[in-house]
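Just below is one structure, and these are the notes that go with it.
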Amino acid sequence: MLTSAPAPQTILHEVFGYGQFRGPQAAIVDHVIGGGDALVLMPTGGGKSLCYQIPAIARQRAGHGVAIVVSPLIALMHDQVGALHEAGVEADFLNSTLTGEQANAVEKRMLRGEITLLYAAPERVTTPRFLALLDQMHERGQVSLFAIDEAHCVSQWGHDFRPEYRALTVLHERYAGVPRVALTATADDITRADIVERLQLEQARQFVSSFDRPNISYSIVEKKEATQQLLRFIQRDHAGPAGHDSGIVYCQSRKRVEEIAQTLSAQGINALPYHAGLDADVRQRHQDRFLREDGVVMVATIAFGMGIDKPDVRFVAHLDMPKNIEGYYQETGRAGRDGLPAAAWMAYGLQDVVNQRRMIDESPAGEEFKQVMRGKLDALLALAEATDCRRVRLLHYFGEEYVHASPAAGPTVGATCSNCDNCLTPPQIWDGTDAARKLLSTIYRVQQMTGISFGAGHMMDILRGKATEKVTQFGHQSVSTFGLGAAFSEAQLRGVLRQLIATGSLAVDSQAFNTLQLTEGSRAVLKGELQVLLRESVSAPAERRRTPRSGGSSAPSAAAAALTVEGQARFAALKSWRAEVARAHNLPAYVIFHDATLAAIAALAPNTLRELQGVSGLGAKKLEAYGEGVLRVVAQQDFSGA
């Protein structure tokens, strides 16, 4: 029997303990509760999960049955369901970690209407067995909604394409009256259009939040000694007397992951490797430690990260350039989910550009796909080489103008952000057009002379007038451009080469030992029709620290930074108590309470349950389960500190 749905604001407060919705959350929730389809683009940390969890609770209480949450994140379903249990919501999951008996028990609970949200992987949802279960429930009007998380996985243009997502069109075709909400943190225009087409969301209302993450400081440096650069970054900005901040370091290869994890560990950093080549039990153990412990640095390939909810990741570092801006944005967005200061740091070099170009060129995909991927890579390289505000460029890629909110001057469109390396320490600019013309001319003349192509290092040696053994062997000191670029440093010429390769003015032949080849685009540069402007150096360290120390195990959490000495002591005691509760429940500590909630309690120093009722993040179930325990911790700390 259908009844009216409870007010979303009531659910937000009573279940999740929050006083107000953020941004477009309220509009999304109302739309989905009313039965509408929605496509939600909201940055990591923006509160996407509430956009389907609250409608699921509301529609279930109104008699509409279970919500099916499609998620590719088998390893994290346990924590997501655990978090809902902590809030007093009946939830469960179906995935390959369950035995047949356990899966049957979950299915029976679902059929009896005992589950509000059921999490399942896309390949599970589209099996004949599961669809038959949905058929039974749909006939009784007991499927309340479908939430398709990480919706960018359906698109070939996205950064994490998963073919099994394509089969989810069956949900619209088979259960047309059931509302669907597709959610993602990252999608440019072409990916967004593909999501709409592939999931048949043409009639869905689109909710696009700002892509800006103002608490993240962006910094991109030119590779010189990448490992040492990474160490300096961590030790300079993310270390303290008691340890290091939690962070993620992304590398392209499994071998590199292992090497970096060992190097960081040898330097006293609590680093763990994570990649698809590790045993599944090892990966799970490392992921659990990262989620449940303070101060762990995960060194990983992109196999790690999607859906990671750890709020206090203080930095994300890339030792190799990602494929595109969507991947970069998604990965850096895992930092600072708690809204406190965090850093995104990347080192890149010529070899990164060459490797990414080669992977595109050698892929079995069609030419149309390759062209789109080249364009996406070019956009990322343009961000890396940028001499202006990185945040402005990043947001522009997603079709958004940056608006700087100044207390004095008010909102200003297109202003600098004052929280990226280019804004904090503007780079010197130099005109690399002459160097580019001389490089291309050298390549042309060498090929004319010998009929053989050579790599970047050899061409730079000729232009800089270095009579190496190889240069002498081939008689290339007689090339007319020999020594004409002696005034250019190797770093400058490598920057020029990156630009030329990225813009298609130069090609790398991966079948011939990464030798350089002229292209149609070379002509405009040789004729001086195309200017090549570059940053003087992107590897010089900033004079000032870009990321205030915060969080992690090395200093009091930034959430507690404003507390008095007594408040800090209460906060520390509450964190210790929370860690014990989390271990007992086999959940990450932040699932029990976020740092911000503990900080609010520490500042309040409550004596009664009534005083706890208004604390953000403390819903009715958590107040009932943990209220007395929280009061005991506060009282004991105040007594011992008296």
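Computed quantities for the displayed model
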quantity	calculated
Close pairs from segment 598-613: first free of Cβ contacts under 8 Å to residues at least 60 places away in the same chain and closer than 18 Å to residue 14 by Cα, partner surrounded by 15 or more Cβ atoms within 10 Å (Cβ to Cβ) and small (Gly, Ala, Ser), Cβ under 6 Å, at least 6 apart	609/627; 612/627
Qualifying residue in segment 142-157 (condition: assigned to a helix (DSSP H, G or I) and within 30 Å of residue 258 (Cα to Cα))	yes
Members of segment 187-208 that are more than 10 Å from residue 151 (Cβ to Cβ) and either of a type in the set (S, T, N, Q) or in contact with a Pro (Cβ under 6 Å, 6 or more places away or on another chain) (or both)	200, 203, 206, 207
Condition met for residue 247 (in the same structural domain as residue 272 (by TED's automatic domain parsing), small (Gly, Ala, Ser) and within 20 Å of the chain's Cα centre (by Cα))	yes
Tally, over segment 158-196, of residues that are touching a residue at least 12 places away in the same chain (Cβ under 8 Å), surrounded by fewer than 22 Cβ atoms within 10 Å (Cβ to Cβ) and either in a strand (DSSP E or B) or among the aromatic types (Phe, Trp, Tyr) (or both)	1
Of residues in segment 55-69 being closer than 15 Å to residue 149 by Cβ and touching a Pro at 6+ places or on another chain (Cβ under 9 Å), the one surrounded by the most Cβ atoms within 10 Å (Cβ to Cβ)	55
Residue within segment 372-385 that is of a type in the set (Val, Ile, Thr) and modelled with pLDDT under 90 present	yes
Neighbours by Cβ (under 6 Å, 6+ apart or cross-chain): first from segment 262-279, in contact (Cβ under 8 Å) with a residue 40 or more places away in the chain; second assigned to a strand (DSSP E or B) and of a type in the set (D, E, K, R)	none
The lone exception for residue 36 - which of (1) modelled with pLDDT of 95 or more; (2) buried (at least 22 other Cβ atoms within 10 Å of the Cβ) it fails	(2)
Selection count where residues are within 24 Å of residue 351 (Cα to Cα) and either charged (D, E, K, R) or without any contact (Cβ under 8 Å) to a residue 24 or more places away in the chain (or both), scope segment 461-481	10
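The values are calculated or read from the model by the stated rules, or taken from the named source; none is laboratory data. Everything numeric in this text was worked out from a predicted model, so none of it was measured. A quick note on method: Cβ atoms are made from the backbone with ideal geometry, for glycine too, and the neighbour counts reach across all protein chains shown.
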